[in-house]
Amino acid sequence: MNKVILIGRFTRDPESRMSQSNMEIARFSLACQGEFVSRNGEREVEFINCVAFNRLATTINKYCRKGTLISATGRIRNSSYDAQDGSKRYTTDIVIDQMEFLSSRQGGDSAPVDNSVAYSPSASSAPSNNIETTDISEDPYKDFGDEFTLSSDDLPF
């Protein structure tokens, strides 16, 4: 099984492209915090390259900006290409299949999409005086856009 689950913030605005077959592509990088805290109290951060296609890419290109917090699921894809100097280059990307917004469109405080669920550190982690709290009383979808209807003709299967 090849499955990846990420929670992270956009390190830059997504890069929007169109393929030769008119498929929209979004390339971006997520900054994801590690679980372990170093001796000086800092968490390790991983910068993970991601790519999304079609309608998900359209949504990401339209609504995500640097600093946007998302939850994403996908799969690891390794690929290679020939560089201009003739050498072979290898890349690893996460192909995003699903995502959820975890912060407001303005990039302010994080607000869970499902107000009944909030992230909390595991009980085994050391207590911290720097716990970030979130006001979940505001509707995270207020600036998201109009409602749309999805018919079975729109589904790829």
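The values are calculated or read from the model by the stated rules, or taken from the named source; none is laboratory data. From a predicted model like this one, the values you see are computed outputs, not experimental measurements. Note that each Cβ is placed from the backbone with ideal geometry, even for glycine, and that neighbours are counted across all protein chains shown. These area figures cover heavy atoms from the full protein model, side chains too; ligands, DNA and RNA do not enter into them. Shrake-Rupley method; radii C 1.70, N 1.55, O 1.52, S 1.80 Å.
Numbers for the structure displayed
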read-out: ³J(HN,Hα), Karplus 6.51/-1.76/1.60, whole Hz, each residue of segment 51-68, x for Gly, Pro; value: 9, 9, 10, 6, 5, 5, 4, 4, 4, 4, 5, 7, 10, 9, 9, 3, x, 5
read-out: Segments 40-46, 21-27, 53-59 sorted - mean Cβ within 10 Å per residue, highest first; value: 53-59, 21-27, 40-46
read-out: Sequence of R77, R17 when ordered by accessible area, the most exposed leading, probe 1.4 angstrom; value: R17, R77
read-out: Point-charge dipole on Cβ atoms (K/R +1, D/E -1) for segment 1-94, about Cα centre, debye to 20; value: 240 debye
read-out: Per residue accessible area of segment 1-101, 1.4 Å probe, in Å²; value: 68 Å²
read-out: Amide hydrogen neighbours beyond the local backbone of K66, cut-off 5 Å, H modeled; value: D13
